[in-house]
Amino acid sequence: MFCLNRLIFTTMFAMLCPAAFMVLPSKADDKADQRSKQTVREIRIDPISRNFMAPFLEDFIRPDEAGLKYEEVFFPNETNDSLRGWFIPVDGADKTVLFCMGNTGNISGMLLYTKLLTDGGVNVMLFDYQGFGGSTGITTALSLLGDSLSAFDYLTNTRGIAAQDIGVFGVSLGSPLAIAVAAERQAGAVAVEDILLPSAQIEKMKDLLPDDFATRMALGALRTVVLPKVEPLTNVPSLKCPLFLLHGEHDRLLPPSGSIDVAEISKVPTRVWMMQGAGHAPETLEVNELEYASQIQRFFLEALNGNMSEPEVTMTSIKNGEQWTATVTVAADKPAAWQIAVGSADGKFRFARRHAGGTFSLTLQTPFEPVHVSAIAFENFKVQPDGTWIPELSELSQSLAKFRRLQQGIAVNCRWQPKVLKSRGRSFQIQCRVPQDWDWFEQQLVPSESIHPVVRPRWAREIAQFYCQLSSVDQEDCLPIVDSMLEYMPDDPDRYYQLDNAGFQLKLEDPAIAHCLTCLARRQFSDGKLNDATATLRLAAQVAHPKSPLKVADIDSLSAESDFELIVGLKK
């Protein structure tokens, strides 16, 4: 997750005012409220970097809690700050992958990546950027490349691992860093997901910047000093090792056209996977869980052992009216389930699947001029009678796909209707859900035990959203909807996590669910079920926003004679 216009201001500010930094308490960061361990510490971050870099200091989970052996290490960066790393060994492994994370959290949030890499038979090195997690110093964009190089040098100089036995894996903000490190230190392999091209982003938004001397000077310094060191379009031609480009088709932050641009200039064996139906990391870990793990594992195994090969893929195209016809030829040396992606210059795609070996051709119709083609062999698939294939999905990925179909159905089948709301003598028109549409919604619900536990709370969220979008009068009459929601609640909301398109959530925090539970507790209280009402309110407080007026101390004082509205903070 990365916002480059904020990076520009960060860099300009740091160049012009290097001594000016802000010291922020970690509890003041909204995202810090999502942490599973709440310890007040100070986050030091420059005032502009805080807009796009979100360091967490406390660890969510340690590797041993996730069943991983590890060694916690510390090493200096180029400014002599102490960087914290976790080295996770695999018995018998002689290859290591250095992971460059994105802009949020710390390395304790990267253990899902670690597990899939170690399952592939390689050691893994995680490290916190300066000012993140267990690393000292001030969080700033200017230290990122130096920190990444220092982590690589720790592996070679301190642990004695040869550069060619090290792969580098960068995601989002970590992608240009991974390529820069691999090029400068002659790594054995590099994989990047959701690549960032900072120079292109600067050109797109330069007209939005102030036209003054300080801005022009900072932009000049950026173009001549900073960007050449991290710009993938500069560093990729210098790579000597295999490259793997992964990008979500629906990435809403960094367009997949960036990966197309990089693939075009690469001079080394390059594998490209445009992930159909996926967005920005980290949701790609779940959309096609089995294949994501297989592709990452296979790439580093092949690349670091010097036996990676790619099929020759060619394309010709002609325009037919408003459509283009692309003929793709794949020269493969063995039968495989091939996903072919044909793309436009601005990152639109058409996909095809073919199970074949040797040389084969296929034709695709596209509404855009095709300029890119790639083919990648899947490992988890089911062949269909017509020679095509479908991905073999894990239980988690199947549950996620089922949930997305529910969301699409809600958008089509659940209507809005205008309602007049009166408040303090004034009338407002608002849009509310139609209560009769709950009949359709309820028919779509499947038993909770058939849904993967990681996805199950998302169903609770959608039910809660529907209920909260009813008018207040309809909510009174439709309280059984909340009973349906309860089936999908997690056993422990504080240990729940959710991976999204360009973000993640730690613990279940949802005002809509909290509202539903409060409404249920009100009914229980009215029916004289004090113990049930208290238990429901405690759960509501657990999932409510930290600034919610609902407090456990007030809930504990609830009695049959209490004013319920006052206790839950709805009345002063």
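Counting only aspartates and glutamates at least 8 places from K95 when in the same chain, those with an alpha carbon closer than 14 Å to its own are D119, D165, E302. Please work out whether the stretch 255-315 counts as rounded, prolate or oblate from its C-alpha gyration tensor, where a ≥ b ≥ c are the square roots of the eigenvalues and a/c under 1.5 means rounded, while otherwise a/b larger than b/c means prolate and anything else oblate? Oblate, because a/c is 1.5 or more while a/b does not exceed b/c. A simple spin-label model places pseudo-atoms 7 Å from Cα toward Cβ; at E379 and E78 they are separated by 3.6 nm. When mean projected area of the Cα convex hull in nm² is computed from the coordinates, the matching label among (i) 39.5; (ii) 31.1; (iii) 29.8 is (ii).
How much net charge surrounds S309 when only other residues with a Cβ under 14 Å from its Cβ are counted (Lys, Arg +1; Asp, Glu -1)?
Within the 14 Å Cβ shell, the charges total -1.
The Cβ shell under 9 Å around P367 holds other residues with a net charge of +1, Lys and Arg each +1, Asp and Glu each -1.
Across all directions, the average flat footprint of the convex hull enclosing the Cα atoms of the stretch 312-391 is 5.3 nm². Taking the C-alpha atoms only, the angle from helix 4-16 to the longest principal axis of the chain is near 70 degrees. Return the subset of K267/K334; K115/K507; K334/K382; K69/K382 for which the Cα-Cα distance in this structure is over 26 Å, preserving the input order. Exceeds cut-off: K69/K382. Let me check I've understood the local charge: for Q407, count other residues with C-beta under 11 angstrom from its C-beta, Lys and Arg +1, Asp and Glu -1. What total comes out? Cβ neighbours under 11 Å give a net charge of +4.
FYI, it's all coordinate maths here, none of it is from the lab. None of these values were measured; they are calculated from a predicted model. Reconstructed Cβ throughout: ideal geometry from the backbone, glycine too, with neighbour counts over all protein chains shown.
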